[in-house]
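This report concerns only the one structure given below.
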Amino acid sequence: MPIEIIRDWRDLPASQRGAAAALGAFDGVHRGHQAVIASAREAADRLNVPLAVISFDPHPRRWFQPDAAAFRLMTAGQMARALEPLGVDRLYLLPFDAEMAAMSDEAFAVDVLSGRPQAAQGAAGHKDGLGLAHASVGFDFTYGKGRTGSPDGLARIGTRLGFPVAVTERVDDAGGLKLSSSAVREALNAGDMTRAAAILGRPFAIEGEVVHGEKRGRTIGVPTANVRLGDYMRPAYGVYATRTRLPDGRVIDGVANLGVRPMFEIAEPLLEVWLFDFAEELYGQTVETELVALLRGEMKFDGLDALKTQIDSDARMAQIALNGGDPA
């Protein structure tokens with residue numbers, strides 16, 4: 001059954017309240033996040049209530065720093081799909097707006113996580129607030145205006161309001177690998193896709209609509225599916241071995257250039273994927289491309305013949321990498 005996505009905390013029916021929830025940004029749903037969700041899952045099983053994840057849209061950083069560089073690791077749709085195999089029943093994507101940004105830590109816990117007093121309720125059978133039965137948070141979770149709320153503070157408020165709070169301590173890989181969204185971004189910036197995948201528990205992937213490009217690749221026999229990066233964190237620019245999931249579920253191996261193409265420079269970075277043994281039109285369709293391995297950085301060539309020769313070499317290296325070999 002697909003995960004239920006709920007985009008507000010106000011005027012909810014009883015059927016959408018009362019969950020045991022993991023609370024946080026969860027950008028990436030990496031292995032550290034998964035430990036917090038596992039804590040909430042244990043409570044959901046014990047209390048016999050739905051398991052939920054509470055996140056925010058837009059990400060609070062985007063609200064407070066609207067001009068900040070792109071940083072997201074996934075779309076809302078990718079988040080929902082990553083949560084499904086973890087047994088999550090519903091995803092609350094709470095609107096992070098002026099009202100939310102101005103809430104004190106106390107108000108957030110009382111009004112949003114618990115629920116407003118009966119006198120403030122709306123129509124019969126509907127209530128503001130999520131009416132949580134339990135909340136799980138990470139050790140570094142902060143909330144409320146000025147980020148004044150802490151896990152310990154939430155636990156105290158939760159005891160008063162009737163929802164227990166569990167705090168998950170920092171989780172690192174047995175080999176000392178830090179499991180955090182910032183560590184994923186560091187790995188992507190370095191082009192270390194193996195390390196990024198180890199933290200995430202799956203390859204980093206970019207999802208987006210296929211748009212029209214200059215169609216120059218068609219002239220040398222390498223038509224590409226082009227996807228804008230939008231608010232995604234920019235991984236190291238270069239050529240990647242890829243796997244692309246089509247809307248019908250097929251997964252196609254390929255090779256992609258991510259960046260601004262020094263030879264035919266473009267103002268906006270693109271992901272341009274050549275899908276192997278594929279000749280169908282994808283314009284207007286949404287695809288998701290995993291960046292499996294960085295093969296090389298972007299390069300400038302003397303002409304189309306030299307570019308085509310290098311692309312053929314990139315394709316061979318991509319196939320080696322996708323089959324588990326070392327392209328180097």
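The values are calculated or read from the model by the stated rules, or taken from the named source; none is laboratory data. This one's a predicted model, so the numbers in the text were calculated from it and none came from an experiment. In this analysis, Cβ positions are derived from the backbone assuming ideal geometry, glycine residues included, and neighbour counts consider all displayed protein chains. Quick note on the areas: whole protein, heavy atoms, side chains included, nothing else; ligands and nucleic acids left out. Shrake-Rupley method; radii C 1.70, N 1.55, O 1.52, S 1.80 Å.
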| remark: Per residue, accessible area of the chain with a 1.4 Å probe, heavy atoms of protein chains only, in Å², comes to 46 Å²
| Of the residues Gln16, Gln78, Gln65, which exhibits the maximal mean-square fluctuation in a Gaussian network model of the chain defined by a 10 Å Cα contact cut-off? | Gln65
| field | Under 5 Å, built H, 5+ apart or other chain: amide partners of Asp57 | value | Leu94, Phe96
| query | Which aspartates and glutamates have a Cα less than 12 Å from the Cα of Lys127, not counting those fewer than 8 places away in the same chain? | reply | Asp8, Asp11, Asp111
| task | Report Lys300's accessible area, 1.4 Å probe, all protein chains in place, as a number in Å² to the nearest 10. | result | 150 Å²
| said: For a test of the definition: using alpha carbon positions, the gyration tensor, and the 1.5 limit on a/c, classify the stretch 222-328 as rounded, prolate or oblate. | reply: rounded
| query | What order do Arg202, Arg72, Arg7 take when sorted by accessible area (1.4 Å probe), most exposed first? | reply | Arg7, Arg202, Arg72
| request: Starting at the first residue of the stretch 145-159, write each ³J(HN,Hα) from the Karplus equation 6.51 cos²θ - 1.76 cosθ + 1.60 with θ = phi - 60°, in whole Hz, x for Gly and Pro. | output: 4, x, 6, 7, x, 10, x, 5, x, 5, 4, 5, 5, x, 4
| Fraction of beta bridges assigned by DSSP in the chain that are antiparallel (%, nearest 5) | 65 percent
| field | Solvent exposure, largest accessible area first (probe 1.4 Å, DNA, RNA and ligands not counted), of Phe64, Phe278 | value | Phe64, Phe278
| note | Residue-ordered couplings for the stretch 275-285, obtained by feeding phi - 60° into the Karplus form 6.51 cos²θ - 1.76 cosθ + 1.60 and rounding to whole Hz (Gly and Pro as x), are 8, 5, 6, 9, 9, 8, 7, 10, 3, x, 8
| remark: With +1 on the Cβ of every Lys and Arg and -1 on the Cβ of every Asp and Glu, the dipole magnitude of the chain about its Cα centre, in debye rounded to the nearest 20, is 500 debye
| Heavy-atom accessible area order for Trp63, Trp274, largest first, 1.4 Å probe | Trp63, Trp274
| field | Reachable aspartates and glutamates from Lys178, criterion Cα separation under 12 angstrom, eight or more residues apart if same chain | value | Glu186
| Rounded, prolate or oblate: which fits the stretch 41-99 when a ≥ b ≥ c are the square roots of the eigenvalues of the alpha-carbon gyration tensor, with rounded for a/c under 1.5 and prolate only if a/b beats b/c? | prolate
| field | Most mobile of Asp105, Asp45, Asp57 in a GNM of the chain (Cα contacts under 10 Å) | value | Asp45
| note | Out of Val255, Gly138, Met233 - ranked by how far each Cα lies towards the positive end of the dipole of the chain, with unit charges on the beta-carbon of charged residues - the top one is Gly138
| query | If ligands, DNA and RNA are left out, what is the accessible area of His134 with a 1.4 Å probe, given in Å² to the nearest 10? | reply | 10 Å²
| query | Rounded to a whole number, what % of the accessible area of the chain do carbon and sulfur atoms account for, probe 1.4 Å? | reply | 51 percent
| query | Can you give the angle from 0 to 90° between the axis of helix 304-322 and the longest principal axis of the chain, with both taken from C-alpha atoms, to the nearest 10? | reply | 50 degrees
| message | I'd like the distance between the alpha-carbon centres of the stretch 145-224 and the stretch 264-328, rounded to an integer number of Å. | response | 24 Å
